Each structure stands twice: as structure tokens, then as C-alpha cells.
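Take a look at the structure set out below.
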Amino acid sequence: MPDIAEMFAARVPRYTSYPTAPHFHSGIGDETYRAWLVALPPGAPISLYVHVPFCDTLCWFCGCNTTVINVYKPVSGYLELLHAEMDRVASLIGPGHPVTHLHFGGGSPTLLTPGDFWRLNVRLRCQFEIAEDAEIAIEIDPRGFRSDMAQALANAGVTRASIGVQDCDPRVQRAINRIQPEAVTAECVRLLRGAGIRALNIDLIYGLPHQTTDGLLRTVETALTLDPDRLAIFGYAHVPHFKKHMALIPEEALPGVADRFAQAEAAETLLKACGYRAIGIDHFAKPEDELALAQAQGTLRRNFQGYTTDAAETLIGLGASAIGALHQGYVQNISDVPGYRKALGEGRLPIARGVALSDADRARRAAIERLMCDLGVDLAAIAERFGQSTALFDSALTALEPWRRGGIVRVDGMRVTVAPEWRAATRLVCSTFDAYLDEGARRHALAV
Ligand SMILES: C[S@@+](CC[C@H](N)C(=O)[O-])C[C@H]1O[C@@H](n2cnc3c(N)ncnc32)[C@H](O)[C@@H]1O
Ligand code: SF4
């Protein structure tokens, strides 16, 4: 039996992209992105991600790109910039690209006034062709969520809401600076369902300060009383070197590696016993949910928003820090709003950095994505699809050999499968396929 503590003490990426964001560089900028957008094949479907980088208060665990504001004025100014960016991108791609997925994330997009959310939606619909059956999803902070916003979301055609809960224990909530009584979450769910938004996800986190396995299970049980279609149970990524406010979290109160592993396992056991299917490494869905169906059909995808049924090859990111994924590579917008504003003011697309992909990158990316989604991958099929020799994966297979002996993975010829009881080790398995990974990088969080 491998030593769990030793194994999971490694720091590895979450693989929402490959190469991962730390490997994006400033050699990819406005001009390259323009060329990539113009080259979009006629009729190609696209997905849109709209980032709103503002919150009312700062949760100390937060790893997202956001700023706390006390007055609304910066939000109005930001929306003007967002509109300008949308206009510019839309004119470059031209008409005829159906938008199959639209995601509002942050920060807290529900911090917009209902009127501003409506205007943003109208502008999006003027500039892009939102498909009639598009999934329109939004991340919701239930604190301060009101009925007029629920109605504005419904009017804008929102079909899915992800509700941030994290943990219900008041002691944990105090330690992460996020006081959210259960009644607040329940009321948010009631308002959303009342407005006709039926597809609901709940976000929880394990590995938070003072969290215990029993406490986490109580939180999961509370979440289940709200009958969500999906739950995400993320492992807390504690990276105070990169997110200074995380230093406010008492490190001595953080569960250790073995406790984190036990928490993730206990939550998974409970959710499976309650009829949910485990999706990828950290999501759960009802068996009839599209995510579970996609997983069963082998069509589940992973992008910056996590697991998705989105099949579009092109994801366009709008807003400060937003990341886009195109056939040619990835781009990321400037993260700070003043820099984002300056670039737009100078007539540029506000790109800070990115990375172009080779076919070898695409093959490695596909292997990692299949592992993250299916916990298994057929390396021969992937090598063939991307015109690569299977030798591309030799070093990964060598690195996986001790894991095979330890029963963590099965290797049958060129097929690699993570043992179901080692689901938590999937990111570690993926890291053996990562040609960019620098050993011991502190920028990443713990592997579990
Ligand atoms: C942009 S936030 C959600 C929307 C909304 N602002 C809220 O907090 O309710 C997306 C989710 O990312 C997760 N998250 C944020 N920081 C994290 C971290 N450091 N480690 C793990 N998960 C994190 C949380 O579960 C959070 O609900
Ligand atoms: S977790 Fe959500 S509400 Fe809290 S600071 Fe991050 S984005 Fe804002």
C-alpha cells in the first residue's frame, strides 16, 4: 500500500487546461489572438465565458480573480469595457457562430444590479448568436441574493446556477471569513426555483480550516436537503504565496494530507450512497443529469469552469483575467482592471499572455483530459488522432510503473486506467503526461 501522505504531498495543477496557465507567456498577444479569431472556421460553434471580477467581501480561501468593492461605480465602468471587448471580438469572428454555452463567472456576477445584468445580456445577444438551446450558467453568491435578481436571471434565459456554499459549520465559516447561514442558501435556492431556474449545482470545499470529516458530512447532508442536480466538492487549494489573503487562514487549523484524503473519500461514499454519480475527480451528478450521461458516453469535457458537456472547440473569454481556448492555443486577458481598460482604450484586444499548441501538446492535453474525465485513456487512439508516435507517452508510462505495481493504475498495453478507489490520485497520474511540469512547484496546491 503506497504511503498516502507522501504521495499526496506533491503539488500538481488542477488541469483545467494543458499547458496550464503558469506556462502562458507574453509572446502571445493582441496580434496573434486577432489572427486566431479571424481564422475561426465558418459556422464553428463557440462558447463564451464572461468574468465579473468583483465581490462585496473577501473570502479568505478565495483563489479566484476578484476585488472587493464598497461602492458600485467601478462595476458600471467595467461593464462599459466588457461591452467594448465584446464588440471588438464579435466584429473579428463575424456572424454565423452559434453560442452553445454561455457562462458568467467571477468574482460574483450576481453583484450586478438586475438592470445591468439585463443590459449585459442584451449586448451579448446583439453581438453573438446565442443558440436557442444554449446552456446559460451563472455562479451565485447566495449572500444578498434577492428575488429581483432571480427574476432578471430567468428573464435573461439563465438555465443553470452554481451556488457557492463551501461549508456550513459556523466555526469553519468564521475561519474563512464567509458567514452564510443555511437559511440564506435555502432562500437562494427557493428564489431560483421560483423563477424557473431548475438546474442547480452546489459548490462545497474540503480541506478548509477546522474542517473535520464529520463536519464535512453534515455539510453534504445539508446540501442534499436542497436537492441539487450536481455538487462540486473541491479540495481547498491553499497557495498563500500567490494569494496573499490566504495567509489570514490559520495554517495550523488546516487538515493534513491524510485527513483531506479521508474527507474526500467520505463525501464521495455518502454521495454515491444517496444516488449521485461521481464525475471526474471532484463533481457529482444525479444519474439522469447531462453531466452523468456525457460521462457514460465518453463525451465529458473539462475546461476552466470545471466539468462540462460543452463540445465547442472554441471558448472565448471576456473580461479581466478571462481565459480563452482556441484550436491554435490559449489566451488570457490582462487581470487588473486598469491594465484591461488601458489596452481596450488603445484599440487592442486586452491579451496579457497565452500559449500556442503543437500537435504533441494537443495529444498530451487529450490524454490528460480523458484521464480527468473518464479516469482512463487509450493512448494509442490519441497518438493516432494527433499524428504522433506512441513513443510520446513512453516517459509517462515509465513514471507510472511504480504506481502500476502499487495498484493505483492499471496499464493494459497502451490503455491506462486509474483504479476507482484511487480517484483522488488522478491529478498525480495526469502530471506524468505533463511535459511542462516543474518538480516541486510551490505555485500549485496539494494533489488531494
Ligand atoms: C467564483 S467562486 C463562486 C461564486 C461566488 N463568488 C461564491 O463564492 O459563492 C467559484 C467556486 O470556486 C471555489 N473556490 C474558490 N477558491 C477556491 C480555493 N482556493 N480552493 C478550492 N476551491 C475554491 C468555491 O467553491 C467557489 O464557490
Ligand atoms: S469565493 Fe466567491 S464571494 Fe468569496 S471572494 Fe471568492 S469569488 Fe468572491
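Considering only segment 50-80, state which residues are more than 10 Å from ligand 1 (Cβ to nearest atom), under 15 Å from the mean Cα position of the chain (by Cα) and open to solvent by 20 Å² or more (accessible area, probe 1.4 Å).
If the condition is that a residue be more than 10 Å from ligand 1 (Cβ to nearest atom), under 15 Å from the mean Cα position of the chain (by Cα) and open to solvent by 20 Å² or more (accessible area, probe 1.4 Å), then no residue fits.
Can you tell me which residue in segment 196-244 is farthest from I176 (Cα to Cα), limited to those that are within 16 Å of ligand 2 (Cβ to nearest atom) and open to solvent by 40 Å² or more (accessible area, probe 1.4 Å)?
My answer is F242.
Across segment 170-183, what is the number of residues that are within 29 Å of G115 (Cβ to Cβ) and either buried (at least 16 other Cβ atoms within 10 Å of the Cβ) or of a type in the set (D, E, K, R) (or both)?
2
I'd like the full set of residues that are buried (at least 21 other Cβ atoms within 10 Å of the Cβ) and either of a type in the set (F, W, Y) or in contact with a helix residue (DSSP H, G or I) (Cβ under 7 Å, 6 or more places away or on another chain) (or both), limited to segment 305-317.
Y307, I316
Exactly one condition in (1) aliphatic (A, V, I, L, M); (2) buried (at least 20 other Cβ atoms within 10 Å of the Cβ); (3) outside any helix (DSSP H, G or I) is false for L37; which is it?
(3)
So how many residues does segment 158-187 have that are out of contact with any Asp or Glu (no Cβ under 9 Å at 6 or more places or on another chain) and in a loop (DSSP other than H, G, I, E, B)?
6
For segment 89-126, give me each residue that is closer than 25 Å to T57 by Cα, away from ligand 2 (no atom under 16 Å from the Cβ) and not in a helix (DSSP H, G or I).
T113
Could you check, for segment 301-309, whether at least one of its residues is in contact with a Lys or Arg (Cβ under 6 Å, 6 or more places away or on another chain) and either hydrophobic (A, V, I, L, M, F, W, C) or farther than 24 Å from A84 by Cβ (or both)?
Yes, that holds for at least one residue.
Go through the residues of segment 26-48 one by one and say whether even a single one is within 15 Å of ligand 2 (Cβ to nearest atom), closer than 26 Å to A137 by Cβ and of a type in the set (A, V, I, L, M).
Applying the first criterion (within 15 Å of ligand 2 (Cβ to nearest atom)) to segment 26-48 yields none.
Checked against the condition, which is being within 15 Å of ligand 2 (Cβ to nearest atom), closer than 26 Å to A137 by Cβ and of a type in the set (A, V, I, L, M), segment 26-48 yields no hits at all.
Consider L248 against the criteria (1) within 16 Å of ligand 1 (Cβ to nearest atom); (2) free of Cβ contacts under 8 Å to residues at least 24 places away in the same chain; (3) open to solvent by 50 Å² or more (accessible area, probe 1.4 Å): it satisfies all of them except one. Which criterion is unmet?
Of the numbered conditions (1) within 16 Å of ligand 1 (Cβ to nearest atom); (2) free of Cβ contacts under 8 Å to residues at least 24 places away in the same chain; (3) open to solvent by 50 Å² or more (accessible area, probe 1.4 Å), the odd one out for L248 is (2).
Please give the number of the condition D167 fails out of (1) farther than 18 Å from T222 by Cβ; (2) among the acidic types (D, E); (3) buried (at least 22 other Cβ atoms within 10 Å of the Cβ).
So D167 meets the others, but not (1).
Are any residues in segment 402-444 within 27 Å of S358 (Cα to Cα), modelled with pLDDT of 90 or more and among the acidic types (D, E), and if so, which ones?
Across segment 402-444, the qualifying residue is only D434.
Tell me, which strands (runs of 3 or more DSSP E) lie completely within segment 360-443 with 1 or more residues that are touching a Gly at 6+ places or on another chain (Cβ under 7 Å)?
On the way: elements: 376-378, 409-412, 415-418.
Fully inside segment 360-443 and qualifying: 415-418.
Please pick out the residue among S17, S47 that is buried (at least 20 other Cβ atoms within 10 Å of the Cβ) and modelled with pLDDT under 95. Talk me through it step by step, then tell me what you get.
Numbers: S47 fails: modelled with pLDDT under 95.
The conditions single out S17.
Write out, first by first residue and then by second, each pair whose Cβ atoms fall under 7 Å of each other, whose residues are 6+ apart or on separate chains, and whose first residue, in segment 164-179, is without any contact (Cβ under 8 Å) to a residue 24 or more places away in the chain while the second is open to solvent by 20 Å² or more (accessible area, probe 1.4 Å) and within 14 Å of ligand 1 (Cβ to nearest atom).
Taking only residues 6 or more apart or on different chains, the pairs are Q173/I179.
Yes or no, residue by residue, for (1) at pLDDT 95 or above; (2) open to solvent by 30 Å² or more (accessible area, probe 1.4 Å); (3) under 21 Å from G298 (Cβ atoms); (4) among the acidic types (D, E):
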| site | (1), (2), (3), (4) |
| --- | --- |
| K342 | yes, yes, no, no |
| P350 | yes, no, no, no |
| T390 | yes, yes, yes, no |
| L446 | no, yes, no, no |
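Quick check: is even one residue across segment 367-388 touching a strand residue (DSSP E or B) at 6+ places or on another chain (Cβ under 9 Å), closer than 30 Å to V89 by Cα, open to solvent by less than 60 Å² (accessible area, probe 1.4 Å) and not polar (S, T, N, Q)?
The answer is yes, given that some residue of segment 367-388 is touching a strand residue (DSSP E or B) at 6+ places or on another chain (Cβ under 9 Å), closer than 30 Å to V89 by Cα, open to solvent by less than 60 Å² (accessible area, probe 1.4 Å) and not polar (S, T, N, Q).
Among the residues that make up segment 136-154, is at least one of them more than 16 Å from ligand 2 (Cβ to nearest atom), in a strand (DSSP E or B), in contact with a Ser or Thr (Cβ under 6 Å, 6 or more places away or on another chain) and open to solvent by 30 Å² or more (accessible area, probe 1.4 Å)?
no
Let's see how each residue does on (1) loosely packed, with under 15 Cβ neighbours inside 10 Å; (2) at pLDDT below 95; (3) touching a Pro at 6+ places or on another chain (Cβ under 7 Å):
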site: G256; (1), (2), (3): yes, yes, no
site: T269; (1), (2), (3): yes, no, no
site: Y276; (1), (2), (3): no, no, no
site: I281; (1), (2), (3): no, yes, no
site: G324; (1), (2), (3): no, no, no
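Does segment 81-88 include one or more residues that are more than 14 Å from ligand 2 (Cβ to nearest atom) and without any contact (Cβ under 8 Å) to a residue 60 or more places away in the chain? Quick ask: steps written out before the conclusion?
The initial filter retains those residues of segment 81-88 that are more than 14 Å from ligand 2 (Cβ to nearest atom), namely 81-88.
Among the residues that remain, those that are also without any contact (Cβ under 8 Å) to a residue 60 or more places away in the chain are: 83, 87.
Yes, segment 81-88 has at least one match.
The values are calculated or read from the model by the stated rules, or taken from the named source; none is laboratory data. Just so it is clear, the model here is predicted, and its values are computed rather than measured. FYI the Cβ positions are ideal-geometry reconstructions off the backbone, even for glycines, and counts take in every protein chain you see. Note: accessible area is taken over every heavy atom of the protein model, side chains too, but ligands, DNA and RNA are not part of it. Shrake-Rupley method; radii C 1.70, N 1.55, O 1.52, S 1.80 Å.
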